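The values are calculated or read from the model by the stated rules, or taken from the named source; none is laboratory data. Note that the structure is a prediction, hence the values are computed from the model and not measured. Neighbour counts are summed over all protein chains in view; Cβ atoms, including those assigned to glycine, are modelled from backbone coordinates with ideal geometry. When the accessible area is computed, the model is the full protein with side chains, heavy atoms only, and any ligands, DNA or RNA have been set aside. Shrake-Rupley method; radii C 1.70, N 1.55, O 1.52, S 1.80 Å.
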Amino acid sequence: MTPNDNLSFEIEGMHCASCIARVEKVLTSIDGVREAHANLALETVQLKGNFSVEDVASELASAGYPTRTEDFELAVKGMTCASCVGRIQKSLMTVPGVLDASANLASERVVISALASAVAGPDLVAAVASVGYRAQLRAHSASDQMDHKPKEIAQLRDMTLLAAALACPVFILEMGGHLVPAFHHWVVSVIGLQTSWLIQFVLTTIVMLWPGRVFYNKGLPALLRHAPDMNSLVAIGTTAAWGFSVVATFFPDALPEGARAVYFESAAVIVVLILLGRWLEARAKGHTGAAIRKLIDLQAKTARVERGGEVNELAMDQIAVEDIIHLRPGEKIAADGLVTGGSSYVDESMITGEPLPVRKTKGASVVGGTINGTGALLIRTTKVGRDTMLSQIIRMVEDAQGAKLPIQDLVNQITAWFVPAVLAIAAMTVAGWLVFGPAPAITFALIAGVSVLIIACPCAMGLATPTSIMVGSGRAAEMGVLFRKGAALQSLSDVNVVAFDKTGTLTEGRPELTDLIVADGFLDDSVLRVAAAVEIHSEHPIAEAIVRAARRKNIELPKARSFSSITGHGVQANVEGQAVMVGADRLMAREGISLGSFAGAGDSLAAKGRSPLYVAIDGRLAGILAVEDSVKASTLTALAALRSRGLELAMITGDNVGAADAIARELGIDHVVAEVLPDGKVAALKRLRKNGAKIAFVGDGINDAPALAESDIGIAIGTGTDVAIESADVVLVSGDLRGVVNAFEVSLRTMSNIRQNLFWAFGYNTVLIPVAAGVLYPISGLMLSPMLAAGAMALSSVFVLSNALRLNWITPIFRENATTAVRIAATVQPAE
């Protein structure tokens, strides 16, 4: 029994919105499951909690939604006895998603069965290694979405064409006679009416039992479990039409004379049209996953790996950390690693967006998926499989595509009772026609009841939200915007205020030393020397600017001891027996060090947009340093675009007030909060939120992490620190702030698309169910044919999918070189 904390896997049998509610209800009833989310477009389930995967698979199968599985085979070295077998099997069963593991001592093979998309080969290899055995992936028979979807599409196409071929004669024989009286007389005189009905019976029965069997195999058991779905509606409707026709054909005396007619063509054509709708739907679903396929296509399939002095071509699943890969000119790099030999230029445009190849020599890092140029390289792998940068980005996009937006809750509440309500409406429709309808009342009742059942299938409702999320988040990834948390796709559209960190976000993040003013008794180079000796231990961009300035002067830096960082204030250390402090004026105030005449100098520098830092040695002010960080070239245009959308702009920074005000005036920022500690940024966000504003915060540094987490939407610059990215809801692939504008564009367009889909899906059912029930008959004498109802139902799903696919046409407000969302730190993990 395998406990799991967080698991995502594929299931079968979901066809409509009511299926989503049913699957989630079944899963949340399982002991240990805290949260369950089913996605109709992806045909996946996400679970949180501490549960048994075997229980999950069993309950889903009982409910009619079996899990998809995939098989792995490992070759294991070192198995010598039965206890080895037990140890290995036990270790594999601890991997989340594994259903069964069977080790064979004689063949030294282990066969593993797992939930599809829940387990990766390297995870299994690592589990075996954890108990002291070396394993190698030998085979992997996957049934993941990318593999089974083409097969599903092909099967639906074949079944649709077969059903159409069988239904065509039925339709011609019956409807041809209604449309062309001469044809009806010819059928009666040559074939005979009874023979015509018998032919229709045989062909329709074949259509229902062969191409259409899926509706009855799934729909009728669901009905018996008191959990009807759309298959149940189709099964009841077509069976009613077929059953009535069978009675008219073989037991005509059981019906009033005016009601002796057959509706085989309705049953047959309904099956054809719904199969056609599912075929088109499956094809459209295939297109919605285009972004993921593009990212997956960036991955190499094989690599030439050196082991034991021999070089062999191995599949990706068989590459391990510390392997040496031999890379030939023009080949795709298989994994993240370090160059150990050779020299070449590597095309990293899929990572950086920069078109010029980057020279790689010994010691340089490389990223899997990038393309080698004309040279040969030896690469020692540092990250493989799911740990590579590209794999983590793929998972991030998949998580966003499978996310459940708050707007989906409304859909789920409605669809939970929708199918039972449709059955009740159909029953009342039949009863109403039988009681109040004209003769032959049973015929009108049958047509109206079947039409209500068929037209009300809630496929479009279930597809309305997830398909838009899939396409929108995928297109965002191609534009350089990663939605780490799916709900951000909706929340971003509600934002009123966008707040920015300054250094590295609005500015280049590479400040340079501009001024050095020393106090009496101190020398310029001496002050710079000790300040740089302390700052070399800090990762802050300002610290790097001071160190660069010292090195440009070829100043040899002494060793600093007892270094410590005082958050939001500065740094301190002991240098050659002297206590040295470097930081903002608030650090000096805290330590009781008077600024004297340097206070005015600091204000003067800040008014010019420079950041003043003070250096104290042994408790005495030694000098003042000033650094200036230039504004990014893209910042002005990005902020102007955000203002044009009616958004207020704010800047929250730990920098000096004067420097912050100077930058704000230059950029036209509405609100400025300066000289704040990291927790002060959180307090500033709370003040901005007082009037009910929704706030997005954009930052890149470690000190931005609390603000990113506190804001309604945290947007991290992809070139920033790992901590900042981990705290964010949205990640931009580069440091270009125009990506923020693109993020808002995708969010607004996606939410608009979702609302369009929901309006169509709900409006369609609201309007057409009464029409199907026959409300127009007293006015115009019109009845909706069950065949037209089936066509309209299929069209509604295709419309929703086609509308969602329009999101692929979103164009960046500002075009960047990057075409895929792949510039983030390699340690980023998908958010839960």
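Longer than 26 Å from Cα to Cα, which of Lys559/Lys681; Lys48/Lys90; Lys383/Lys681; Lys502/Lys608; Lys502/Lys690; Lys362/Lys632 are they? Say none if no pair is. Mind dumping the intermediate values first?
Numbers: Lys559/Lys681 34 Å; Lys48/Lys90 23 Å; Lys383/Lys681 35 Å; Lys502/Lys608 16 Å; Lys502/Lys690 23 Å; Lys362/Lys632 32 Å.
Pairs exceeding 26 Å: Lys559/Lys681; Lys383/Lys681; Lys362/Lys632.
Could you order Trp197, Trp242 so the one with the most accessible surface comes first? Probe is 1.4 Å.
Working: Trp197 30, Trp242 70 Å².
Result of the area sort, largest leading: Trp242, Trp197.
Cα axis of helix 17-28 to longest principal axis of the chain: angle in degrees, 0 to 90, nearest 10?
That helix lies at roughly 60 degrees to the long axis.
When the Cα centres of region 219-271 and region 355-382 are compared, how far apart do they sit, in Å?
What the calculation gives is 66 Å, centre to centre.
What is the distance in Å between the Cα centres of region 634-705 and region 606-621?
Measuring centre to centre over Cα atoms gives 24 Å.
Over region 534-599, with the other protein chains present, what is the accessible area per residue in square angstrom, probe 1.4 angstrom?
54
Just add up the charged neighbours of Phe697: K/R +1, D/E -1, any other residue whose Cβ is under 9 Å from the Cβ of Phe697.
-3
Within region 724-814, what whole-number % of the accessible surface is contributed by carbon and sulfur, with the 1.4 Å probe and all protein chains included in the calculation?
Percent of accessible area from carbon and sulfur atoms in region 724-814: 71.
Just how much of Arg87 is accessible, in Å², when a 1.4 Å probe is used and the result is rounded to the nearest 10?
The value for Arg87 is about 100 Å².
At a 1.4 Å probe, what is the % contribution of carbon and sulfur to the accessible area of region 453-531?
43
For Asn50 paired with Arg561, estimate the spin-label separation in nm (one decimal), with each label point 7 Å from Cα along the Cα-to-Cβ line.
Output for this residue pair reads 4.9 nm.
At 1.4 Å probe size, what's the solvent-accessible area of Leu273? Round to the nearest 10 Å².
For Leu273, the solvent-accessible surface is approximately 40 Å².
May I ask you to give the solvent-accessible area per residue for region 1-135, in square angstrom, as obtained with a 1.4 angstrom probe? Don't skip to the end; give the middle numbers.
Details: 5240 Å² over 135 residues.
Accessible area per residue, region 1-135: 39 Å².
Please state the shape class of region 624-707: rounded when a/c is under 1.5, otherwise prolate if a/b exceeds b/c and oblate if not, all from the C-alpha gyration tensor.
Values: a/c = 1.72, a/b = 1.08, b/c = 1.59.
Here region 624-707 falls in the oblate category.
Read through the labelled values (i) 1.09; (ii) 0.99; (iii) 1.14 and report the label of the one computed as Rg/Rh (Cα atoms, Kirkwood Rh) from the structure.
The calculated read-out lines up with (i).
Please check which bits of region 590-624 a label hung off Arg665 would reach, taking the label as a point 7 Å along Cα-to-C-beta and the cut-off as backbone N under 17 Å.
601-612
Between helix 459-478 and the chain, what is the angle of the helix's C-alpha long axis to the longest principal axis, kept within 0 to 90° and rounded to the nearest 10?
30
Quick one: if the Förster radius is 35 Å, what FRET efficiency do Val657 and Thr637 give, using the C-beta to C-beta distance and rounding to 0.05?
0.85
Please give the net charge around Ser196, taking every other residue with its beta carbon less than 12 angstrom from that of Ser196, where Lys and Arg add +1 and Asp and Glu add -1.
Within the 12 Å Cβ shell, the charges total -2.
Can you give the accessible area of Tyr345, probe radius 1.4 Å, in Å² rounded to 10?
Accessible area, nearest 10 Å²: 120 Å².
Rolling a 1.4 Å sphere over the protein heavy atoms, what is the accessible area per residue of region 459-512, to the nearest Å²?
Values: 910 Å² over 54 residues.
I get 17 Å² per residue for this part.
What percentage of the solvent-accessible surface of region 45-164, computed with a 1.4 Å probe over protein heavy atoms, is contributed by carbon and sulfur atoms?
Whole-percent figure for carbon plus sulfur exposure: 52.
At a 1.4 Å probe radius, which order do Glu12, Glu24 fall into by accessible area, largest first?
Listed by decreasing accessible area, they come as Glu12, Glu24.
For the pair Ser594/Lys25, report the inter-label distance in nm, with labels modelled 7 Å from Cα in the Cβ direction.
7.9
Can you give the net charge of the other residues whose Cβ lies under 13 Å from the Cβ of Met230, counting K and R as +1 and D and E as -1?
Surrounding charge for Met230 is +1.
In degrees between 0 and 90, to the nearest 10, how far off the longest principal axis of the chain does helix 193-209 point, with axes built from Cα atoms?
Helix 193-209 and the main axis of the chain meet at about 30 degrees.
Hey, how many Å between the Cα centroid of region 762-787 and the Cα centroid of region 553-579?
Region 762-787 and region 553-579 have Cα centres separated by 81 Å.
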